[in-house]
Amino acid sequence: MIKKVILFLYCFIAVLAYSQDYSSLQEKYSTYEENDSRALVYVNRYIKVAKSEKNYSELFQAYKDAYRFSENQKMKYADSAIAAAKNSGDSELIGSAFLTKGSIYYFNQRKFQFALEEYLKAYEYLKDSKNDYLKYRNVYYIGVVKSYLGYYAEALKIFEECIDFFEPKSSGDIHDNQIYNNTKGYLNSLHQAIICYQMLGNDKKANELLDLALKKTPKTKDFYLEESYFKKSLGVSEFKKKKYTSAILYFDQAITEIKKVDDFTWASYIYFYKGKSYELLGDQKLEIENYKKVDSIFNKNKFILPELRSNYEELIEFYKKDNNHKEELYYTNQLLKADSVIASDFKHLSTRIYKEYDTKMLLETKENLEKTNSYSKLLIFICLAIITALGFVVYYRVRKQKNIQKTYEDLLVKLEEASKTVPVSIPVKVEVIEPTDSNDKSIKFDNSIVEKLLNDIQVFEANKGYLEQGLTLKKLSEQFKTNTSYLSQVINEYKGSNFNTYINVLRINFATQKIYQDKEWRKYSIEHIASAAGFSNRQSFSNIFLEHNGIRPADFIKKRIKELEDQNNS
């Protein structure tokens, strides 16, 4: 009897423990800072309760919180959040989950192309959402990626839109959480706009926004990080004014919070500008010390901003003058590694970066070092191989882009010719092959059947019946109330191809015209376009598009967008 009572009490206590409302569970870790893994003890309890109740919206939030506090398993929790969001069936949660994964690629790993891919997935789920906050948060992140890829003018337009959205909602008679989130969005948008103005050389506008940002930033612990980013930008502003001592002061005020969240990108940016400031103040020791911190961050994270490339040129020059061939060789090799990373992660920027240390100078440096340092021969050979490989990569990319451009121009000629002979509302048809002599026809059945099937095919094309996914010869034969043999022979005889080729060409022509004429289609993902054109998967569509048009759909979209932008700018 006593055992039963004890068992009952144990179960009762357990039920009480797990029946806590979700808000009380969240309160237990609300005071912990980001990346503080101690909070995971309470978050894991939250996850367990949500799982047991199959409450997928709460499970999504629990995994999202776990991502925030985890140091080394952020991507795992982000993927779990996506799975929970999909199980909930809530488009807003799914979009938010993809945003979270994108932010890991962007903020923690600096894989911008992957980040942009996740943000575009989020866009598909959020574009029709009534949650404007989520939509603008998504747009903000797309702007951030554009900015890092060097499209500062395009990114600036996005950040200005975000400022206009977040600023009015950062105060007023609304919930405290909404004010907090919108204030964060507003300040982050200001910060990114300041970066764009500084990169575009509009220092006057950048300084105006800096003054506004510092006035608008709440003086509370929750906004120390945002204040630090503005202090960093103030340091850059002072540096440009040649006020180097003042610049260093602002950089020192900014670095603590930035290091706390492990934002190694802006940390390396600060160390570089501190090094430049000390160089111009004549303090060589602190100059080199800060440049070395940039190298330490690069070694750890395999990431560097293009504008920090000269960090290695300064170190090379220093050790060259000091006649320290070992260190000179090390930093020469680091410069080559940095160039490789820049060319890979910033391919849109790499061709525009002025390189004082071009390949020729690097090769000459290698030859000189080889004479003075016998132990460097193997390393020199490796570096030369890297340079050669990079040269081949650049050559291949340039040649590939030229071929794509020529194919694109040829395709435009075909599209223009088609538009003159075929109304836009009618799909472009595959070429009909008319036998020159009735005796040459291979069709053996009655002419009335042929005539009826040709009429059916004409109506089928006009109604865009070929866009139906899963369309087969058998299905179409049933629609035309005929058999597969008759229909197959007519298509082969009069369309000059088998059934599958005939349908695929119609679909590709339809998709090509839509991409060319309709700006909305150029915003769609390749998966979306493939589906809308009747294809079951992206790969099949892309391969057939390439085979038919000589260019991949993604390249066709990029070229069309650039062509229209050039026309608008001219």
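The values are calculated or read from the model by the stated rules, or taken from the named source; none is laboratory data. All values reported here derive from a predicted model rather than from experimental measurement. All Cβ positions, glycine included, derive from the backbone under ideal geometry; neighbour counts span all protein chains shown.
The residues of region 23-78 that are within 27 Å of Y106 (Cα to Cα), in contact with a helix residue (DSSP H, G or I) (Cβ under 7 Å, 6 or more places away or on another chain) and outside any helix (DSSP H, G or I), listed by number, are Y29, Y32, E34, N35, D36, S70, E71.
Quick check on L187: is it in contact with an Asp or Glu (Cβ under 6 Å, 6 or more places away or on another chain) and under 29 Å from F239 (Cβ atoms)? When the stated conditions are applied, L187 passes them.
For region 390-410, give me each residue that is of a type in the set (A, V, I, L, M, F, W, C) and either at pLDDT 75 or above or in contact with an Asp or Glu (Cβ under 6 Å, 6 or more places away or on another chain) (or both). Outline the logic, then answer.
Kept after step one, since they are of a type in the set (A, V, I, L, M, F, W, C), are these residues of region 390-410: 390, 392-394, 398, 404.
If the condition is that a residue be of a type in the set (A, V, I, L, M, F, W, C) and either at pLDDT 75 or above or in contact with an Asp or Glu (Cβ under 6 Å, 6 or more places away or on another chain) (or both), then L390, I404 are the ones that fit.
Is one or more of the residues making up region 69-84 closer than 17 Å to Y140 by Cβ, among the charged types (D, E, K, R), out of contact with any Gly (no Cβ under 9 Å at 6 or more places or on another chain) and in contact (Cβ under 8 Å) with a residue 12 or more places away in the chain? No, there is no match, as no residue in region 69-84 is closer than 17 Å to Y140 by Cβ, among the charged types (D, E, K, R), out of contact with any Gly (no Cβ under 9 Å at 6 or more places or on another chain) and in contact (Cβ under 8 Å) with a residue 12 or more places away in the chain. Consider region 313-335 and keep the residues that are closer than 19 Å to Q284 by Cα and of a type in the set (S, T, Y). The one that is surrounded by the fewest Cβ atoms within 10 Å (Cβ to Cβ) is Y319.
Yes/no per residue for (1) at pLDDT 85 or above; (2) part of a loop (DSSP other than H, G, I, E, B); (3) under 22 Å from K157 (Cα atoms):
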| residue | (1), (2), (3) |
| --- | --- |
| E92 | yes, no, no |
| F98 | yes, no, no |
| S103 | no, no, yes |
| F107 | no, no, yes |
| R110 | no, yes, no |
| F114 | no, no, no |
| K130 | no, yes, no |
| Y133 | yes, no, yes |
| Y141 | yes, no, yes |
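Taking the criterion of being of a type in the set (G, A, S), crowded, with 16+ Cβ neighbours inside 10 Å and outside any loop (DSSP other than H, G, I, E, B), the residues of region 506-552 that qualify are A511, A530, S531, A532, S542. For first residues located in region 512-523 and touching a residue at least 60 places away in the same chain (Cβ under 8 Å), partners that are aromatic (F, W, Y) and lie 6+ apart or on another chain with Cβ distances below 9 Å form the pairs T512/F545; T512/F556; Y516/F556. Here Y375, Y319 are screened, and the one residue that is farther than 30 Å from V144 by Cβ, at pLDDT 55 or above and assigned to a helix (DSSP H, G or I) is Y319.
To keep it simple, each residue is scored yes or no on (1) over 43 Å from the mean Cα position of the chain (by Cα); (2) surrounded by fewer than 18 Cβ atoms within 10 Å (Cβ to Cβ); (3) part of a helix (DSSP H, G or I); (4) hydrophobic (A, V, I, L, M, F, W, C).
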{"site": "I449", "(1), (2), (3), (4)": "yes, yes, yes, yes"}
{"site": "Y486", "(1), (2), (3), (4)": "yes, no, yes, no"}
{"site": "T501", "(1), (2), (3), (4)": "no, yes, yes, no"}
{"site": "N504", "(1), (2), (3), (4)": "no, no, yes, no"}
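For region 284-316, which residues satisfy the criterion of being charged (D, E, K, R) and part of a helix (DSSP H, G or I)?
Listed by number, the residues that qualify are K285, E287, E289, K292, K293, D295, K300, E307, E313, E314.
Check off (1) β-branched (V, I, T); (2) more than 20 Å from the chain's Cα centre (by Cα); (3) surrounded by 21 or more Cβ atoms within 10 Å (Cβ to Cβ) for T100 and give me the number that stays unchecked. Failed condition: (2).
Taking the condition of being in a helix (DSSP H, G or I) and closer than 18 Å to G282 by Cβ, how many residues in region 233-250 meet it? Residues flagged as in a helix (DSSP H, G or I) and closer than 18 Å to G282 by Cβ within region 233-250 amount to 8.
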